[in-house]
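Input: a single structure, listed below in structure tokens.
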């Protein structure tokens, strides 16, 4: 099984030891670091680290836990991966097959437990089955950008390995391998979208993590349309914050520049974001809408859209650019840039406030921002500190940043940072963590 993980490119697996995975732990010892077993302090942190690995590398993150309570502990971190659409494979121990159904110690119906969080969940009941179950887990995680769970009873772990199943009826012979498809929108819908964007005089753009690899295309479209660009929290790293038309965060943790732009626009262009808060989007009927999302299930469910472009953000924007006309009237863009300058001045004044002997937490983030090392990776936890991470820390070109976006759980800031450091040992990594989340991690 571990050999198959390495063939899928897995270099490290995050987990915590337990009797239910003793067979796997012995295999890790014999594997001599290929793949490497990274022992965490709690199974939840293992799942957070696997999610962070997927976010920062684009690879499948991998975690493992023992049977019973260890498996239960994985769930919160796996839901973080599910809700933020990250490919993660969890390998979970189970009691021996002979014990199942006997109300045995630490026996939990793991297939039922993991059914909701997983796009694929399967128990390995024969050594010859391990190969194709692992292969399907990785293919499913990559294709759906979600969680796949593999459950292995103790006695199956300890049985002799069968790298190739017996050539009998019922055996299948799977392969390692997967390729990312090109997902392009319908040409007619693309022309419809271009028409709407060309007709709008006050275009507001909102980008999320789906636009992460389309920086140059987003900038080009924003320049053509004279638009400003707001960033959902998971889209922080799409564009650097020093571009004059980037209005920064949006929503509860957002900026006045983003809010002014959204409330006064006549056209909303959403790219790769499932930003959920309708109170920080235009009133229904105020603006026409165009949206790009690679997942057709998610398109047009946050605001009533007039053009629904189901496709990869980078590919779709490339196809859209030749159809767009540059707006000669830059009044809208000039107002956005003025609002950005005023917002930056406002948060600077707020950070400069002092309250006797009490530390102003906004000042901590504001002072850290210009001191951030080039090329650093930033992580954040959930809580009050997220406000200041979102507003005061200004990302520059080449910096990375992420947090628990949709689940918004406490606890992932530190494990995210640890996983980022393992993935990029030469890059500085900084976790912005509140005291509550720090205590939650047992620190």
When the Cα atoms of the chain are enclosed in a convex hull and the volume is divided per residue, what value in Å³ results?
-> 155 Å³
Order of 55-68, 20-33 by packing, highest average Cβ count within 10 Å first?
-> 55-68, 20-33
Taking the Cα-to-Cβ direction at residue 184 and at residue 199 and moving 7 Å from each Cα, how far apart do the two end points lie in nm?
-> 2.6 nm
Expected unfolding gain across residue 116-residue 301 under the 0.36 nm per residue rule, minus the alpha-carbon gap, is 64.5 nm
Contact order relative to length for region 105-168, counting C-alpha pairs under 8 Å separated by 6 or more residues, stands in percent at 39 percent
Asserting the computed 222 nm helical MRE of the chain (DSSP H runs at least 4 long, -39500 (n - 2.57) per run, divided by residue count, to nearest 500) equals -11000 deg cm²/dmol
What order do you get for 182, 357 when you list them from fewest to most C-beta neighbours inside 10 Å?
-> 357, 182
The rounded separation in angstrom of the Cα centers of region 78-99 and region 369-443 is 24 Å
What is the spread of the Cα atoms of region 85-212 along each of their three principal axes, largest first, in whole Å?
-> 69, 36, 22
Degrees separating the helix 43-57 axis from the principal Cα axis of the chain, which is the longest one | 50 degrees
Please order 348, 121 by the number of other Cβ within 10 Å, starting at the fewest.
-> 348, 121
For 151, 347, ascending order of other Cβ atoms within 10 Å (fewest first) is 347, 151
Between residue 159 and residue 408, Cβ-based FRET efficiency (R0 41 Å, step 0.05) works out to 0.45
Global size of region 2-158 as Cα Rg and Dmax, reported in angstrom = 13.8, 42
Normalising by the residue count of region 356-440, find the relative contact order in percent from Cα pairs under 8 Å and 6+ residues apart.
-> 38 percent
In whole Å, how far is the Cα centre of region 127-146 from that of region 1-34?
-> 16 Å
Longest to shortest principal axis, alpha-carbon extents of region 187-343, angstrom = 40, 33, 31
The chain: angle of helix 130-144 to the longest principal axis, Cα-based, in degrees nearest 10 = 10 degrees
From the C-alpha gyration tensor of region 357-410, pull out the three semi-axes of the equivalent ellipsoid (sqrt of 5λ each), sorted largest to smallest, in whole Å.
-> 18, 18, 7
How big is Rg to Rh over region 338-443, alpha-carbon atoms, Rh as the Kirkwood inverse-mean-distance radius?
-> 0.99
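Just so you know, all these numbers are worked out from the coordinates, no wet-lab data involved. Please read these numbers as outputs of a predicted model, since none were measured by experiment. A quick note on method: Cβ atoms are made from the backbone with ideal geometry, for glycine too, and the neighbour counts reach across all protein chains shown.
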